[in-house]
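This report refers to the structure that appears directly beneath it.
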Amino acid sequence: MANEPYPSAVKHDVAPGSEGKPAGTRRYRRVIDAHMHWYPEAFVDLMKKKGPANGAVMGEDGEGNPVVLSVPGCTQTSVMRRSMTRLDDIIEAMNRRKVDTYALSMTNPLMYWAPAGFGLELAAAHNDACVDAHRKYPQRFFGTIILPMQDVKLAAQELERMAKYPCMRAVFIAEHINGKNLHEKEFWPIYERAQALGLPLFLTNLYPTGAERMKDFFMINVLGNPQEAGYAAMSLVCGGVLDAFPKLEVFLPHAGGTFPWLIGRLDLGFRVSADLGHMTKPAAGYLRRFHYDLITHHPVIMRNLIDLVGVDRIVAGTDFPQGMSVRQPVDFVESIPGLTHEERSAILCENPARLLGIA
């Protein structure tokens with residue numbers, strides 16, 4: 001089912017004796033998953049020890065995994081599975097998935113809900129763990145810098161601290177900050193510094209807006225997360241961020257969510273809405289300001305996105321190991337109709353390496 005190859009997948013070549021080895025020893029030089037999630041042990045320990053005093057409600061599931069039952073402002077749970085914490089388990093999953101390298105990032109609850117000082121502690125725990133993982137496995141793991149965006153001064157402080165480590169290859173923020181859209185001017189110092197440092201901005205969904213209407217039928221994931229990508233993209237475009245920071249690269253998860261498919265409506269909005277009268281470029285001109293991952297779960301839709309934005313803007317990213325992740329990125333890319341081997345290699349290897357600055 002979820003772990004089976006896609007029906008139209010082309011079997012990739014395997015060199016004799018390379019069975020069970022990472023993807024770099026197979027058909028593709030170095031497969032990089034730019035969108036995956038983990039929970040560093042230090043972060044989990046902080047949540048267990050200090051989370052309750054700072055507003056988090058903690059528990060355990062039936063397998064003894066720590067669970068964040070709620071944080072201030074949200075009742076969505078977060079299961080911090082041990083398989084998302086132990087590097088040996090993570091590497092074992094990488095090998096099964098034919099992936100060589102991960103860009104490490106976290107998922108909910110992040111730390112925006114916390115008092116600023118504790119938020120900084122949580123962010124630092126993740127960031128320091130990324131550095132340690134890279135030191136232990138320098139070809140396997142690179143890091144993304146998570147910031148306590150509820151306090152931009154502290155966020156800027158943490159960005160400067162972590163930018164000194166060459167293994168930290170992106171700035172990682174959610175698609176809203178406690179309900180504030182990303183174009184708010186208070187966040188611009190982070191964008192300015194990220195651009196100056198040459199670090200791309202990696203976005204992630206967090207507690208989708210309108211959760212009360214998405215409580216049934218798994219809508220919070222099927223609909224909510226892609227909608228958040230659309231909100232974030234429109235905020236960055238129409239709020240002037242991409243124009244103000246023309247060299248800032250932005251990674252948009254869930255294959256851009258709603259944004260690419262509503263570009264015609266946005267173009268028309270530029271022409272007919274007084275609220276968008278400040279926009280001077282066609283909306284379609286912003287499509288290639290973003291990079292997009294693989295999370296469509298449909299090879300033909302993925303092909304359509306490639307035709308819309310260009311193969312060079314597609315980056316292997318899967319959301320692994322979340323329930324809606326792309327389990328086998330190589331198989332999925334090989335199932336996309338009409339791609340050459342060079343284009344598949346670009347998506348799986350060269351594009352994420354270029355975006356992350358990995359040689």
Residues within segment 202-224 that are among the polar types (S, T, N, Q) and either free of Cβ contacts under 8 Å to residues at least 24 places away in the same chain or in contact with a strand residue (DSSP E or B) (Cβ under 9 Å, 6 or more places away or on another chain) (or both), tallied: 2
Of (1) buried (at least 16 other Cβ atoms within 10 Å of the Cβ); (2) over 30 Å from Asp89 (Cα atoms), Arg271 satisfies all except one. Which? (1)
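Rundown of residues vs (1) surrounded by fewer than 22 Cβ atoms within 10 Å (Cβ to Cβ); (2) modelled with pLDDT under 95; (3) assigned to a helix (DSSP H, G or I), yes/no style:
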residue: Leu294; (1), (2), (3): no, no, no
residue: Val326; (1), (2), (3): no, no, no
residue: Val333; (1), (2), (3): no, no, yes
residue: Glu342; (1), (2), (3): yes, no, yes
residue: Arg354; (1), (2), (3): yes, no, yes
Report the residue count in segment 179-212 for those that are at pLDDT 95 or above and either assigned to a helix (DSSP H, G or I) or surrounded by fewer than 16 Cβ atoms within 10 Å (Cβ to Cβ) (or both). 17
Which numbered condition Ala103 misses (of (1) outside any helix (DSSP H, G or I); (2) surrounded by fewer than 21 Cβ atoms within 10 Å (Cβ to Cβ)): (2)
Which members of segment 120-136 meet the condition of being small (Gly, Ala, Ser) and either assigned to a strand (DSSP E or B) or surrounded by fewer than 24 Cβ atoms within 10 Å (Cβ to Cβ) (or both)? Ala124, Ala125, Ala129, Ala133
So Gln139 ticks every box in (1) within 28 Å of Met214 (Cα to Cα); (2) polar (S, T, N, Q); (3) surrounded by fewer than 19 Cβ atoms within 10 Å (Cβ to Cβ) but one. Which box is left unticked? (1)
Every residue in segment 54-68 that is loosely packed, with under 14 Cβ neighbours inside 10 Å and part of a strand (DSSP E or B), please. Gly59, Glu60
Within segment 82-94, can one find any residue that is buried (at least 19 other Cβ atoms within 10 Å of the Cβ) and within 30 Å of Val152 (Cα to Cα)? yes
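The values are calculated or read from the model by the stated rules, or taken from the named source; none is laboratory data. All values derive from a computational prediction rather than experimental measurement. Every residue, glycine as well, gets a Cβ built from its backbone with ideal geometry; the counts of neighbours run over all protein chains shown.
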